[in-house]
Amino acid sequence: MTIRYHITPADPVGHLFDLSIEIDQPTPSGQIFSLPNWIPGSYLIRDFSKHIVQLQAFCNDRPIQLTPLNKSKWQAPPCEGTLELRYQIYAWDLSVRGAHFDQQHAFFNGTSVFMQFEGHEDTACQLSLHTTEFANQNQWRVATGMPEISVNDSGFGDYLAQDYKELIEYPFEVGRFHQLDFSAKGIPHKLVLTGKIEWQQIDQAQLKTDLVKICEYELDLFGKPYPINQYVFMVMVTENSYGGLEHLNSTALMCARDDLPYKNDSKRTAGYLQFLELCAHEYFHTWNVKRIQPEVYQASDLLTPAYSEQLWWFEGVTSYYDALILYRAGIINVETYLDLLAKQMTRVYRMPGRFKQSVAESSYLTWTKFYQQDENAPNAIISYYTKGSLIALALDLMIRQKSDLSLDTILLYLWNTFGRPRIGLVENQIETLCSEVTKQDLSPLFQSALHGKEDIDFNALFQHFGIEFSLRAATQLNDLGGKSEAETVLSIGANLKNTQHNSVTVSHVFENQSAYMAGLSAGDEIIAINEVRVRNTDALAKRLLRMQPEESVTCYYFRRDELYQTELTLLPPMADRVVLTVSNKDLVNKWLETQVNEAL
Ligand code: ZN
């Protein structure tokens, strides 16, 4: 028996998908079914059921009345024969986590559109993707990682998943996208890009070469047999978006148009490197989190939150490897890698919240904290991505310092012992395994940096690897860290952004720094300093450069529509930007393994 799902991109203007689902042997006492409240990989209750329009049910084509059990769950009356559900899904969420449909394309995740049936969790799911006159006229094609049963040249037709959990692992991109095909270790891969792009200006050869390097490196790292036999990168290109969500054999990404590689670029831009890092990150999840997984995620019905402290490993370690893979795959040199790493480290050192929340707690409470960040986030929380990646770095260095092993050893152990056989990991298990596999007691690191809130002593750790770790003050308002020759700029201790009408608003205030002491808050609109108008952040930065530490200025600002003024005393800047400098090339090898570029 299979459950038969039908989806039709029916109304591009109304953003409506038509859905029909048939199940032949519904539960005799009355079939219970639901739509997930969250999507794996994104830890927020999203209540996808709010987008359902006109849910109807039929027993052998006869209309029947459904009983709602809660906001996303229903029960049908007993039905002998075929139970059919019909409904529409309103799809107007341009993100990798939902569904989006207009005249340009249709994109959906299974969690946004497909009901799950209680008691039929193991039943195979057949999906029929129906075409429409509109789709045909616009020459729409289909991109997905879902195994095909029978499809037409454009990809419309029938697909098969082993069960519901697998059904929702295959997002679909349907439209007139640009496509690049490539092979990595003999496995067919494709990159599809949706959105307006000047395709002929894109350096397609560069894009392909770099992606092949990344994919082949990762396939080699985890080894044969490979867990995938095809892979799709689906990218939504917009003016200024960034993000991704991992799946079994595909990933949905969003990137800024400017971050793509253009033929006129003399070298890879910072934005393009960030895009490649994102690709490396999501591809790495094919192993780490899609197959090596917490047990609680495997067991979840996606209706209530699944709580785990393990995201330091699944997101932190993946973040550590994403930039490292660009280096190991030969895309960037040591210098660029250390600069990327310094920037990643800076993001931790700039968060006073790291002394208030542990990474383990950040992971556990991600549902309400990390995924629902407000303007106070830098003062109150720490990211399990960024600090998790520093725990991974520290682990790698500690293991290498005392043995011939490395973090790769743990990763491969987890892959072969838990990932391949799909055995879920229970809480704290990875920490115990790190010590067991390496025969080193690594528990003090976990005690202080994962469950505790302490900084890791990178000064001491990097010493053994020929790298000097140092902290410097910011040299510009949006200083991300890494090396800088420029002069130190006085900080007002707040993140600022330009407004549409020639002023500057405060987006975050760092506790106990200048803006905080002056009583400024997030949302305040700064219009003048010392009675001279402030039009944008650049102009403000220029003026700050000329000022002396401890100098006081009068700051005029609007809070809502009320005008206020305050004395802002410029404090000496904090040293919170990380710089990594090579002091001994031979020792760097002990960590980065490959020959250090002589050009350094
Ligand atoms: Zn991730």
- Item | Test for Glu309: is it more than 11 Å from the ligand (Cβ to nearest atom), part of a helix (DSSP H, G or I) and over 24 Å from Met234 (Cα atoms) | no
- Message: What's the total number of residues in the stretch 565-589 that are touching a residue at least 40 places away in the same chain (Cβ under 8 Å) and assigned to a strand (DSSP E or B)?
- Response: 12
- Quick check: anything in the stretch 216-225 acidic (Asp, Glu) and loosely packed, with under 15 Cβ neighbours inside 10 Å? yes
- Note on the structure: Of the residues in the stretch 48-66 that are touching a residue at least 24 places away in the same chain (Cβ under 8 Å) and in a strand (DSSP E or B), the one that is nearest to Trp38 (Cα to Cα) is Ile52
- Query: When you go through Glu315, Glu277, Glu295 one by one, which is the residue that is open to solvent by 10 Å² or more (accessible area, probe 1.4 Å), acidic (Asp, Glu), within 16 Å of the ligand (Cβ to nearest atom) and modelled with pLDDT of 95 or more?
  - Reply: Glu277
- Boolean, Phe465 is in contact with a Phe, Trp or Tyr (Cβ under 7 Å, 6 or more places away or on another chain), within 20 Å of Ala342 (Cβ to Cβ) and assigned to a strand (DSSP E or B): no
- Kindly check whether there is at least one residue in the stretch 496-503 that is at pLDDT below 95, in a strand (DSSP E or B) and of a type in the set (A, V, I, L, M, F, W, C). yes
- Residue set Ile214, Ile228; condition touching a Leu at 6+ places or on another chain (Cβ under 8 Å) and under 15 Å from Arg328 (Cβ atoms); output residue Ile214
- Task: Scan Tyr262, Tyr272, Tyr242, Tyr231 and give me the residue that is closer than 21 Å to Gly145 by Cα and either away from the ligand (no atom under 14 Å from the Cβ) or not charged (D, E, K, R) (or both).
- Result: Tyr231
- Message: Can you tell me which condition Phe510 does not meet? The list is (1) within 27 Å of the chain's Cα centre (by Cα); (2) of a type in the set (Phe, Trp, Tyr); (3) open to solvent by 60 Å² or more (accessible area, probe 1.4 Å), and all the others hold.
- Response: (3)
- Note on the structure: Only one of (1) of a type in the set (D, E, K, R); (2) farther than 18 Å from Leu129 by Cβ; (3) surrounded by 21 or more Cβ atoms within 10 Å (Cβ to Cβ) does not apply to Glu173, and that is (2)
- Taking Pro40 as the residue in question, decide whether it is touching a Leu at 6+ places or on another chain (Cβ under 9 Å) and either closer than 30 Å to Val237 by Cα or among the basic types (Lys, Arg) (or both). yes
- Item | Criterion (at pLDDT 95 or above and in contact with a strand residue (DSSP E or B) (Cβ under 7 Å, 6 or more places away or on another chain)) met by exactly one of Gly271, Gly223 | Gly271
- Residue pairs within 8 Å by beta carbon, gap of at least six or interchain, first lying in the stretch 371-395 and within 16 Å of the ligand (Cβ to nearest atom), second among the acidic types (Asp, Glu) and open to solvent by less than 10 Å² (accessible area, probe 1.4 Å), listed first then second, are Tyr384/Glu315; Tyr385/Glu315; Gly388/Glu315
- Message: Given (1) over 18 Å from Tyr283 (Cα atoms); (2) open to solvent by less than 40 Å² (accessible area, probe 1.4 Å), identify the lone condition not met by His178.
- Response: (2)
- Task: Give the residue, chosen from Thr336, Thr304, Thr346, that is modelled with pLDDT of 95 or more, in contact with a strand residue (DSSP E or B) (Cβ under 7 Å, 6 or more places away or on another chain), of a type in the set (Ser, Thr, Tyr) and more than 13 Å from the ligand (Cβ to nearest atom).
- Result: Thr346
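The values are calculated or read from the model by the stated rules, or taken from the named source; none is laboratory data. Because the structure is predicted, anything quoted here is derived from the model rather than measured. Glycine gets a Cβ as well: all are built from the backbone with ideal geometry, and neighbour counts include every protein chain shown. Heads up: the accessible areas ignore ligands, DNA and RNA and are worked out on the full protein's heavy atoms, side chains in. Shrake-Rupley method; radii C 1.70, N 1.55, O 1.52, S 1.80 Å.
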